[in-house]
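Undergrad: Okay, here's the structure, questions in a sec.
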Amino acid sequence: MRYNFFKDIEEGLKSYPLLHWSNKDDKRVIAGRFIAHKGDIEIEEYEVEISFSKDYPHDMPFVVETSNKIQPRNATRHIFVEGNLCFGNKQDTLRLCKKGISFKWFLDKTLNPHLCREYVRDKTGEYPAGERSHKAEGNWEGYYELFKTTDKESILKNLSLLVAYPTFSKNKECYCGSGKKYKRCHEKWLPIIFDIGRNNVEDLFNELQTDFNSYKP
Amino acid sequence: MKEQIKFYPVGNGDQSLIILNDGTTLMVDCNIRQDSKGSTDPKIYDVKKDVLKSIGQRNDNPYIDVFILTHGDCDHCRGYKSNFYQGDPTKYSDKNRKAEEIIIDEMWFSPMIAEEHTNDDEDAYQQEAERRLTLHRKKDASRNLPGNRIKIIGYDGNKDYHDLNHLRAIPGTVVKEFNNKIQNTFSVFIHAPFKEHLNSAEKDRNSTSIVFQARFKEYSTDKDFIGLAMFGGDSDHYSWKIILDKTKKYKNDVNEQALDWDLFLAPHHCSWSFFNNRPQHANPEPTETSLDVLDYRRVEGKVIASSKKIVDDDDNPPHYEAKQEYIKKLDGDNDFLNTAVDPKETGPKPIIFEITSQGVIRINRENEDKKLAAAISVASSAIIKKPWCK
């Protein structure tokens, strides 16, 4: 079925009646109150303003917490310079969004848990599941878990397959330099690599490549 | 961030923390007992742990913006020496970090402190103050760095600091700048200590306590305050008589609402000395002036006794009859809170108030715990477990 943006948003608004369409600087945004909750337990009320990039639903919406309850408004509380909340590293978010997300899923499974953990951070001084390192290292960390290695070079080689996908063949020599064909060597990584999704990985790959090179003597 | 005032359960002693909406933190006194650190006994609250969680960090080093030591008695500064950093802030080392020593960006220092030696913590405070004052005297380039800042409260005792008058705030003034930052909606009205005590025959150190009122507005342009909290240290009824007289004389009770209170930290751990001379059986009638002070209570105002459990005996402080006098001025027992038994004697926790547009609201701990548990469970079920930011 063809994706219908407005239907998707309406579906989400049905479950969150405190949110509504609004105008902000000639732009249509979703604004209103969002109550972080678990079932009937209302945890904390935030005011939010949600807008959508052209990549939506293949990227997370932009959310600005306009009630200013999350302080200080910088990277320590995972707020971008632009003022929007950062939900996770690129690696994590891209993988989640690769098949497209729905607005209701986003509110239930991303915004609500995110505001809950910011609430926990306010009350206890800590994020319940820890947090990623800042900057590029935080992006690497996702791949460390995915490929079960901290060898940045091998991670880059794996990702390069994805970036070079159109010319990729399992019958070519494996990137690891073993001399074997890829299908007889590192093929077990293939499902993981394709699970990352090809659409947006190129930018991230370039970013990591640059970061990797910057450490070289 | 919500503006909060926390009163910690520290036995017969004082320790309070004021948190402003921009994260600025002000600590009033401390009584960090050795056995409270890492305490697993629910009867003894681990106050240092909560403080570290509540305050900010700069370059991984814990700091508070302002420390106000009302006076130098050990139940107001116990643990200062080992839990707070003393010395050049640029020399804070891994060793200090490991010991979780808290940097005090700006200390408030009453020259009445350490006129004579009583305890090591007080001496350490005096010494650190002298270190900072020397920098200011020498006009050292680093004197305004956080960790070197200092404010002198009240008048000089034996030592002469008149060349540092630009650092001084005397009774009757409103302080709006804390740690080099002007606050728009928060201020402090200084009530005491006074000059008079210097010549007074009353040699009780308690009467030289700093007394101040913490004042919160919702908007800087508002005339009215949404929260007023009175911190009296160990001040006695003599001090309060002068406070009352002076404040009225300069009409600060009307113009500045300088006597009104939503929260009143019962002076000297709910001692009879606020009402009259001790012992109470010799002076059983509370002085008129002390009762007048309590009449400045605003709607739903609460009295906090930072002391051990108050029982019906002759002990002082806390004093049972003093508690009864306070309760007479309140709407009932519920407005009188004792840090030692809140929420229960077997597991005291800080008494926390939030300053909201609706006024000063007591945080219901059970409800808070329920919300926190819910938030943790939702947060840990998140698909993206860990937040990140570039």
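Undergrad: Looking only at the stretch B:196-232, which residues are in contact with a helix residue (DSSP H, G or I) (Cβ under 8 Å, 6 or more places away or on another chain) and modelled with pLDDT of 95 or more?
TA: Listed by number, the list holds a single entry, B:Val211.
Undergrad: Out of the residues in the stretch B:330-345 that are in a loop (DSSP other than H, G, I, E, B) and on the phi < 0 side of the Ramachandran plot, state the one that is surrounded by the fewest Cβ atoms within 10 Å (Cβ to Cβ). Before the answer, list the steps.
TA: Going through the stretch B:330-345, the residues in a loop (DSSP other than H, G, I, E, B) turn out to be B:330-332, B:342-345.
So of that shortlist, the ones also on the phi < 0 side of the Ramachandran plot come out as B:330-331, B:342-345.
Details: B:Leu330: 17, B:Asp331: 13, B:Asp342: 19, B:Pro343: 12, B:Lys344: 10, B:Glu345: 12.
Of everything passing the filter in the stretch B:330-345, B:Lys344 is surrounded by the fewest Cβ atoms within 10 Å (Cβ to Cβ).
Undergrad: To continue, here is another question. Pairs please, first residue from the stretch A:124-153 and closer than 18 Å to A:Ile79 by Cβ, second anywhere and modelled with pLDDT of 85 or more and aromatic (Phe, Trp, Tyr), Cβ atoms under 9 Å, 6+ apart in sequence or on different chains.
TA: From the stretch A:124-153, the pairs are A:Ser133/A:Trp140.
Undergrad: Only residues that are surrounded by fewer than 17 Cβ atoms within 10 Å (Cβ to Cβ) and hydrophobic (A, V, I, L, M, F, W, C): list them for the stretch B:117-147, please.
TA: Here is the first cut: in the stretch B:117-147, the ones surrounded by fewer than 17 Cβ atoms within 10 Å (Cβ to Cβ) are B:117-118, B:120, B:127, B:130-131, B:134, B:137-142, B:144-146.
Answer for the stretch B:117-147, where residues must be surrounded by fewer than 17 Cβ atoms within 10 Å (Cβ to Cβ) and hydrophobic (A, V, I, L, M, F, W, C): B:Ala141, B:Leu145.
Undergrad: Quickly run through the stretch A:172-193 and pick out the residues that are outside any helix (DSSP H, G or I) and in contact (Cβ under 8 Å) with a residue 12 or more places away in the chain.
TA: Let us first name the residues in the stretch A:172-193 that are outside any helix (DSSP H, G or I), namely A:172-181, A:185-186.
Passing the criteria: A:Cys174, A:Tyr175, A:Cys176, A:His186.
Undergrad: Evaluate the following for B:Ser239: is it touching a residue at least 60 places away in the same chain (Cβ under 8 Å), in contact with a helix residue (DSSP H, G or I) (Cβ under 7 Å, 6 or more places away or on another chain) and either under 29 Å from B:Ala340 (Cβ atoms) or polar (S, T, N, Q) (or both)?
TA: Working: touching a residue at least 60 places away in the same chain (Cβ under 8 Å): no; in contact with a helix residue (DSSP H, G or I) (Cβ under 7 Å, 6 or more places away or on another chain): yes; either under 29 Å from B:Ala340 (Cβ atoms) or polar (S, T, N, Q) (or both): yes.
It is false that B:Ser239 is touching a residue at least 60 places away in the same chain (Cβ under 8 Å), in contact with a helix residue (DSSP H, G or I) (Cβ under 7 Å, 6 or more places away or on another chain) and either under 29 Å from B:Ala340 (Cβ atoms) or polar (S, T, N, Q) (or both).
Undergrad: Quick one: in the stretch A:60-77, which of the residues that are outside any helix (DSSP H, G or I) and touching a Lys or Arg at 6+ places or on another chain (Cβ under 9 Å) is nearest to the other protein chains (Cβ to nearest Cβ)? Please lay out each step first, then the result.
TA: Going residue by residue through the stretch A:60-77, those that are outside any helix (DSSP H, G or I) are A:60-74.
Going one step further and asking which of them are touching a Lys or Arg at 6+ places or on another chain (Cβ under 9 Å), we end up with A:65, A:67, A:69-71.
Numbers: A:Glu65: 12, A:Ser67: 11, A:Lys69: 7, A:Ile70: 8, A:Gln71: 4 Å.
Result: A:Gln71.
Undergrad: Quick one: in the stretch B:7-58, which of the residues that are within 14 Å of chain A (Cβ to nearest Cβ) and polar (S, T, N, Q) is nearest to B:Glu354 (Cα to Cα)? Explain how you work it out, then say what you get.
TA: To start, the set of residues in the stretch B:7-58 that are within 14 Å of chain A (Cβ to nearest Cβ) comprises B:17, B:19-25, B:46, B:48-58.
Filter again for polar (S, T, N, Q), leaving B:21, B:24-25, B:54, B:57.
On the way: B:Asn21: 11, B:Thr24: 15, B:Thr25: 14, B:Ser54: 14, B:Gln57: 22 Å.
Among those that are within 14 Å of chain A (Cβ to nearest Cβ) and polar (S, T, N, Q), it is B:Asn21.
Undergrad: Please go through the stretch B:346-390 and pick out each residue that is within 27 Å of A:Asn74 (Cβ to Cβ), of a type in the set (S, T, N, Q) and either part of a loop (DSSP other than H, G, I, E, B) or more than 7 Å from every other protein chain (Cβ to nearest Cβ) (or both).
TA: B:Thr356, B:Ser357, B:Ser381
Undergrad: So if I check each of A:Ile79, A:Ile35, which one is of a type in the set (Val, Ile, Thr) and surrounded by 15 or more Cβ atoms within 10 Å (Cβ to Cβ)?
TA: Values: A:Ile35 fails: surrounded by 15 or more Cβ atoms within 10 Å (Cβ to Cβ).
Going through A:Ile79, A:Ile35 in turn, just one is of a type in the set (Val, Ile, Thr) and surrounded by 15 or more Cβ atoms within 10 Å (Cβ to Cβ): A:Ile79.
Undergrad: Let me ask something additional. Could you list, in sequence order, the residues of the stretch A:78-116 that are touching a helix residue (DSSP H, G or I) at 6+ places or on another chain (Cβ under 9 Å), in a loop (DSSP other than H, G, I, E, B), of a type outside the set (S, T, N, Q) and facing another protein chain (nearest Cβ under 8 Å)?
TA: Listed by number, the residues that qualify are A:His78, A:Cys86, A:Phe87, A:Gly88.
Undergrad: From (1) over 12 Å from the mean Cα position of the chain (by Cα); (2) in contact (Cβ under 8 Å) with a residue 60 or more places away in the chain; (3) more than 21 Å from A:Tyr16 (Cα to Cα), pick out the condition that doesn't hold for A:Glu44.
TA: Here A:Glu44 clears every test but (3).
Undergrad: Kindly indicate whether any position in the stretch A:120-136 is assigned to a helix (DSSP H, G or I), crowded, with 21+ Cβ neighbours inside 10 Å and on the phi < 0 side of the Ramachandran plot. Spell out the reasoning first.
TA: Here is the first cut: in the stretch A:120-136, the ones assigned to a helix (DSSP H, G or I) are A:120-124, A:135-136.
Imposing the further condition that a residue be crowded, with 21+ Cβ neighbours inside 10 Å reduces the set to A:120.
In the following step, the residues that additionally are on the phi < 0 side of the Ramachandran plot were identified as A:120.
Yes, that holds for at least one residue.
Undergrad: Then there's this: Report yes if B:Glu325 is assigned to a helix (DSSP H, G or I), crowded, with 18+ Cβ neighbours inside 10 Å and more than 7 Å from every other protein chain (Cβ to nearest Cβ), otherwise no. Please lay out each step first, then the result.
TA: Numbers: assigned to a helix (DSSP H, G or I): yes; crowded, with 18+ Cβ neighbours inside 10 Å: yes; more than 7 Å from every other protein chain (Cβ to nearest Cβ): yes.
Criteria met by B:Glu325.
Undergrad: Of the residues B:Lys217, B:Lys246, which single one is touching a residue at least 40 places away in the same chain (Cβ under 8 Å), of a type in the set (Lys, Arg) and surrounded by fewer than 24 Cβ atoms within 10 Å (Cβ to Cβ)? Full working, then the answer.
TA: Working: B:Lys217 fails: touching a residue at least 40 places away in the same chain (Cβ under 8 Å).
The conditions single out B:Lys246.
Undergrad: When the residues of the stretch B:148-168 are narrowed to those that are in contact (Cβ under 8 Å) with a residue 40 or more places away in the chain and part of a strand (DSSP E or B), which ends up surrounded by the most Cβ atoms within 10 Å (Cβ to Cβ)? Break it down stepwise before answering.
TA: Start the filter on the stretch B:148-168 by keeping residues that are in contact (Cβ under 8 Å) with a residue 40 or more places away in the chain, which leaves B:148-159, B:161.
Now narrow it down to the ones that are part of a strand (DSSP E or B): B:149-153.
Values: B:Arg149: 23, B:Ile150: 21, B:Lys151: 21, B:Ile152: 23, B:Ile153: 27.
Restricting to residues being in contact (Cβ under 8 Å) with a residue 40 or more places away in the chain and part of a strand (DSSP E or B), the top hit is B:Ile153.
Undergrad: Identify, by number, the condition in (1) at pLDDT 85 or above; (2) away from every other protein chain (no Cβ under 13 Å) that A:Asn158 doesn't meet.
TA: Unmet for A:Asn158, out of (1) at pLDDT 85 or above; (2) away from every other protein chain (no Cβ under 13 Å): (1).
Undergrad: Here is a follow-up. Give me the pairs, please: first residue somewhere in the stretch B:291-310 and closer than 22 Å to B:Pro350 by Cα, second residue anywhere and surrounded by 15 or more Cβ atoms within 10 Å (Cβ to Cβ) and basic (Lys, Arg), beta-carbon distance under 6 Å, and either six or more positions apart or on two chains.
TA: B:Ile310/B:Lys323
Undergrad: Scan the stretch B:220-236 for residues that are under 11 Å from the mean Cα position of the chain (by Cα) and in contact (Cβ under 8 Å) with a residue 40 or more places away in the chain and report the count.
TA: Initially, the stretch B:220-236 is screened for residues under 11 Å from the mean Cα position of the chain (by Cα), giving B:229-233.
Then drop every residue that is not in contact (Cβ under 8 Å) with a residue 40 or more places away in the chain, which leaves B:229, B:231-233.
Of the residues in that region, 4 qualify.
Undergrad: Against the condition surrounded by 18 or more Cβ atoms within 10 Å (Cβ to Cβ) and either outside any helix (DSSP H, G or I) or not β-branched (Val, Ile, Thr) (or both), how does A:Leu146 come out, does it pass? Even if it seems obvious, please write down each step before you answer.
TA: Details: surrounded by 18 or more Cβ atoms within 10 Å (Cβ to Cβ): yes; either outside any helix (DSSP H, G or I) or not β-branched (Val, Ile, Thr) (or both): yes.
Yes; evaluated as a whole, the condition is true for this residue.
Undergrad: Also, quick follow-up: Given the options B:Val311, B:Val303, name the one that is in contact with a helix residue (DSSP H, G or I) (Cβ under 9 Å, 6 or more places away or on another chain), in a loop (DSSP other than H, G, I, E, B) and either more than 14 Å from chain A (Cβ to nearest Cβ) or at pLDDT 90 or above (or both). Before you say what the answer is, go through the steps one by one.
TA: Numbers: B:Val303 fails: in a loop (DSSP other than H, G, I, E, B).
Result of the check over B:Val311, B:Val303: B:Val311.
Undergrad: Restricting the search to the stretch A:15-36, which residues are in contact (Cβ under 8 Å) with a residue 12 or more places away in the chain and either acidic (Asp, Glu) or assigned to a helix (DSSP H, G or I) (or both)?
TA: A:Ser15
Undergrad: I need the helices (runs of 4 or more DSSP H) fully contained in the stretch B:1-96, keeping only those with at least 1 residues that are closer than 23 Å to A:Val120 by Cβ. Steps first, please.
TA: Numbers: elements: B:47-54, B:74-77, B:80-83.
Those helices (runs of 4 or more DSSP H) span B:47-54.
Undergrad: Still on this model: For the stretch B:94-129, name all the residues that are within 22 Å of the chain's Cα centre (by Cα) and charged (D, E, K, R). Explain how you work it out, then say what you get.
TA: Our first condition is that a residue be within 22 Å of the chain's Cα centre (by Cα); within the stretch B:94-129, this holds for B:100-115, B:118-129.
If the condition is that a residue be within 22 Å of the chain's Cα centre (by Cα) and charged (D, E, K, R), then B:Glu100, B:Glu101, B:Asp105, B:Glu106, B:Glu115, B:Asp120, B:Asp121, B:Glu122, B:Asp123, B:Glu128 are the ones that fit.
Undergrad: Considering only residues that are of a type in the set (Lys, Arg), closer than 27 Å to A:Ile193 by Cβ and touching a helix residue (DSSP H, G or I) at 6+ places or on another chain (Cβ under 7 Å), look in the stretch A:117-152 and name the one that is farthest from the other protein chains (Cβ to nearest Cβ).
TA: Taking the stretch A:117-152 as the starting set, the residues that turn out to be of a type in the set (Lys, Arg) are A:117, A:121, A:123, A:132, A:135, A:148, A:152.
Subsequent filtering for residues that are closer than 27 Å to A:Ile193 by Cβ retains A:132, A:135, A:148, A:152.
Checking which are touching a helix residue (DSSP H, G or I) at 6+ places or on another chain (Cβ under 7 Å) leaves us with A:132, A:152.
Details: A:Arg132: 4, A:Lys152: 17 Å.
Within the stretch A:117-152, the match that is farthest from the other protein chains (Cβ to nearest Cβ) is A:Lys152.
Undergrad: Looking at B:Met27 and the list (1) in contact with a Gly (Cβ under 9 Å, 6 or more places away or on another chain); (2) buried (at least 18 other Cβ atoms within 10 Å of the Cβ), which single condition is not satisfied?
TA: Of the numbered conditions (1) in contact with a Gly (Cβ under 9 Å, 6 or more places away or on another chain); (2) buried (at least 18 other Cβ atoms within 10 Å of the Cβ), the odd one out for B:Met27 is (1).
Undergrad: Starting from residues that are among the hydroxyl-bearing types (Ser, Thr, Tyr) and either surrounded by fewer than 21 Cβ atoms within 10 Å (Cβ to Cβ) or under 17 Å from the mean Cα position of the chain (by Cα) (or both), keep the ones in the stretch B:37-55 and report whichever is farthest from B:Pro348 (Cα to Cα). It would help to see each step written out before you state the result.
TA: Here is the first cut: in the stretch B:37-55, the residues among the hydroxyl-bearing types (Ser, Thr, Tyr) are B:39-40, B:45, B:54.
Restricting the remaining residues to those that are either surrounded by fewer than 21 Cβ atoms within 10 Å (Cβ to Cβ) or under 17 Å from the mean Cα position of the chain (by Cα) (or both) gives B:39-40, B:54.
Values: B:Ser39: 12, B:Thr40: 13, B:Ser54: 18 Å.
Applying the filter and picking the extreme gives B:Ser54.
The values are calculated or read from the model by the stated rules, or taken from the named source; none is laboratory data. Nothing here was measured: the structure is a model prediction, and the numbers come from that model. With ideal geometry, Cβ positions are generated from the backbone for all residues, glycine too; neighbour counts draw on all protein chains shown.
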